Amino acid sequence: MKIEVLGHTLDEEQTKAALENTTNTIIIAGAGSGKSLTMVGKIKYLVKSLHVNLNDILCITFTNDAALSLQKKIKQELNLENKVYTFHKLALEILKSHHISYQICEDNLLDTVISEILTSTYPSKYFRHLFFTKNYLKSKAFQNYQKTISRFIKLYLSNYYNINEFDNIIKESSPKDLGNIKIIKKIYEIYLLEKQSQNLIDFDDMIYKATSLVNEKGLNKTYKYIIIDEYQDTSQVRENLIKAIINKTNALITVVGDDFQSIYRFSGCDLNNFLLFTKNFSPAKALYLTSTYRNSKELISIAGSFVMKNPRQIKKELTSPKSISKPLIILYYKNIKTDFIKALNLINSPNLMVLGRNNLDIYEAIESKYLHDNLITYNHNHIYYKTIHKSKGLEEDNILIINLTNNSNSLPSKIKEEAILKYVLTSKDNYPYEEERRLFYVALTRTKNYCYLFVDKKNPSIFITELLKDYSKFITIINL
């Protein structure tokens, strides 16, 4: 059976994934392999061939932009209105349907509470003994301590949430960590009281409360199918909500994602949810999308081989009908700002996306007179800058990656996680720079043609050294 979607005919793997409707399914996709087309194709098949009501299909994706994009594609293909949710929007709708009143707290409330408590401006003497000097309160070490507490609590909310779990963590903690964890628990309790006193909820509260409501009171929807994109970025709290919905509706679930592109561990996303899907949602089957229509076969071979050095990645051989014999071009620079202009002149492409590890990387590479809100205006071209995290899901004719030095905050980042976070990180890196490898994979695979690597010749990233060692025949080297 041929399925036409948005002017494209689905390939064999895409068609097989779109037609599967009898069991829970995980679609393991490669970069640029047509995930959105496959999802729209599946929805079209369910609606047009199996006569499923579109309102009985729950579609969820990771970001607001991705939700709007998928919603638009469904409307374009089926000429029917369908709401595509993020997990938070779905949770809010469930709260509304049960007439729960709420006010969403500001993003920085947790950090504000932490700061007020630790600097003793909070109306409690509990922490006054902790910090004795004004100098410490102004130090970088104190700022890092606050960030660690904030991240600990956010990871806890993403993967445990229930206050009782803190007692288990306290039981497991080493004598060295015990004092700190008790402090964090107290701060967490005060944060809960602060929200409660103002009738506020945060993003994790939404999902947790929605899950509790579904478990206790059910769901006023009759979903038959659930389709979730970017499942490699799902946290335990999100998965619990889906399990609650399935328990009440008996809906079949299809998840789509790419374990190579799991890059949000720092915010509580757990790759294990993706890797263990067939076990957690048994009976379930795994299908693959292995043909990329974005990258050349040479580039996808390099990027795939590079990321599969991580032992936890699912092994898959990605293919492409496109061929570019040397898709990687290393641009060695001596002076970062003058040579960056040389790089732009050399590439001379209006369709260029510049990628970096951090928000401020671009300010190191180019003079501010060329920059306007991350848009680079140079030589009548408008080129845009994105962090690699923000580039996921995007593509461009050519890519230029910066901040490829062997420094602590480059790619890979060598900033070590605070040891205390091990109590709330549900999965550990089993291989050096495991998540940073996935991040580099995302960067490399944004291009339709060439990937330019802007490298300090005297201090190259260890990833560049590895590329040259293992894939030199696919690389062109230019000294700027």
### Query
Counting only protein heavy atoms, what percent of the accessible surface of region 331-394 is carbon or sulfur at a 1.4 Å probe?
48 percent
### Task
Take the alpha carbon atoms of region 26-63, find their center, do the same for region 195-235, and report the distance between the two centers in whole angstrom.
21 Å
### Query
Which is farthest toward the positive dipole end of region 204-256 among Gln236, Leu252, Tyr208, measuring Cα position about the Cα centre, with Cβ charges +1 (Lys, Arg) and -1 (Asp, Glu)?
Leu252
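Summing Lys, Arg as +1 and Asp, Glu as -1, what charge do residues with Cβ under 15 Å from the Cβ of Leu92 carry, Leu92 excluded? Intermediate values should be presented prior to the final figure.
Numbers: positive: Lys83, Lys89, Lys96, Lys209, Lys221, Arg238; negative: Glu93, Asp202, Asp204, Asp205.
Net local charge, Leu92 excluded: +2.
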### Summary
Note, Ser296: beta-carbon cut-off 12 Å, +1 each Lys/Arg, -1 each Asp/Glu, net +4
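Solvent-accessible area per residue for the chain at a 1.4 Å probe radius, Å²? Don't skip to the answer; put the middle values down first.
Numbers: 22070 Å² over 480 residues.
I get 46 Å² per residue for this part.
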### Query
Among Val52, Ser101, Ile170, whose Cα sits farthest toward the positive end of the charge dipole of the chain (+1 at Cβ of Lys/Arg, -1 at Cβ of Asp/Glu, about the Cα centre)?
Ile170
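Which value at 222 nm does the chain reach when only helices count, each DSSP H run of 4 or more adding -39,500 (n - 2.57), with the total divided by all residues and rounded to the nearest 500 deg cm²/dmol? Numbers along the way, then the final one.
Details: 19 runs with 200 residues, N = 480.
One gets -12500 deg cm²/dmol as the mean residue ellipticity at 222 nm.
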#### Entry: Taking the chain and dividing mean pair separation by its residue count, relative contact order in percent (alpha carbons under 8 Å, at least six apart)
18 percent
### Task
List the residues whose amide H sits under 5 Å from the amide H of Ile253, counting only those 5 or more places along or on another chain, with H placed 1.01 Å from N in the peptide plane.
Asn24, Thr25, Ile226
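Stick to Cα atoms and the Kirkwood definition of Rh, then tell me Rg/Rh for region 255-356.
On the way: Rg = 18.3 Å, Rh = 17.0 Å.
Using only Cα positions, Rg/Rh for region 255-356 is 1.08.
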### Message
So if I place +1 on the C-beta of Lys and Arg and -1 on the C-beta of Asp and Glu, and nothing else carries charge, what would the dipole magnitude of region 149-198 be about its Cα centre? I want it in debye, nearest 20.
### Response
140 debye
### Spatially proximal lysines relative to Lys176 (Cα-Cα < 23 Å; intrachain offsets below 8 disregarded)
Lys140, Lys147, Lys154, Lys185, Lys186, Lys416, Lys422, Lys428
### Sequence-distant lysines (8 or more away, or on other chains) whose Cα lies within less than 20 Å of Lys322
Lys35, Lys297, Lys448, Lys473
### Query
Of all DSSP beta bridges located in the chain, what percent are antiparallel, nearest 5?
20 percent
### Message
Tell me the relative contact order for region 152-265 as a rounded percent, counting alpha carbon contacts under 8 Å between residues six or more apart.
### Response
29 percent
### Task
Report the local net charge at Leu50: Lys and Arg +1, Asp and Glu -1, summed over other residues whose C-beta lies under 11 Å from its C-beta.
+3
### Task
Any chance you could look up the accessible area of Ser101 with a 1.4 Å probe, heavy atoms only, rounded to 10 Å²?
90 Å²
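Which value, in debye to the nearest 20, gives the size of the charge dipole of the chain about its Cα centre, when Lys and Arg are +1 and Asp and Glu are -1 at the Cβ?
On the way: 64 positive and 50 negative charges, 97 e Å.
Charge dipole of the chain: 460 debye, to the nearest 20.
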### Message
Under 8 Å for C-alpha pairs, at least 6 residues apart: give me the relative contact order for region 241-342, rounded to a whole percent.
### Response
22 percent
### Message
With +1 on the Cβ of every Lys and Arg and -1 on the Cβ of every Asp and Glu, and nothing else charged, how large is the dipole of region 352-459 about its Cα centre, in debye rounded to the nearest 20?
### Response
200 debye
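The values are calculated or read from the model by the stated rules, or taken from the named source; none is laboratory data. Quantities reported herein were computed from a predicted structural model and do not represent experimental measurements. Here Cβ is always computed from backbone atoms with ideal geometry, including for glycine, and neighbour counts include all displayed protein chains. Accessible surface is based on the protein model in full, side chains and every heavy atom, while ligands, DNA and RNA are left aside. Shrake-Rupley method; radii C 1.70, N 1.55, O 1.52, S 1.80 Å.
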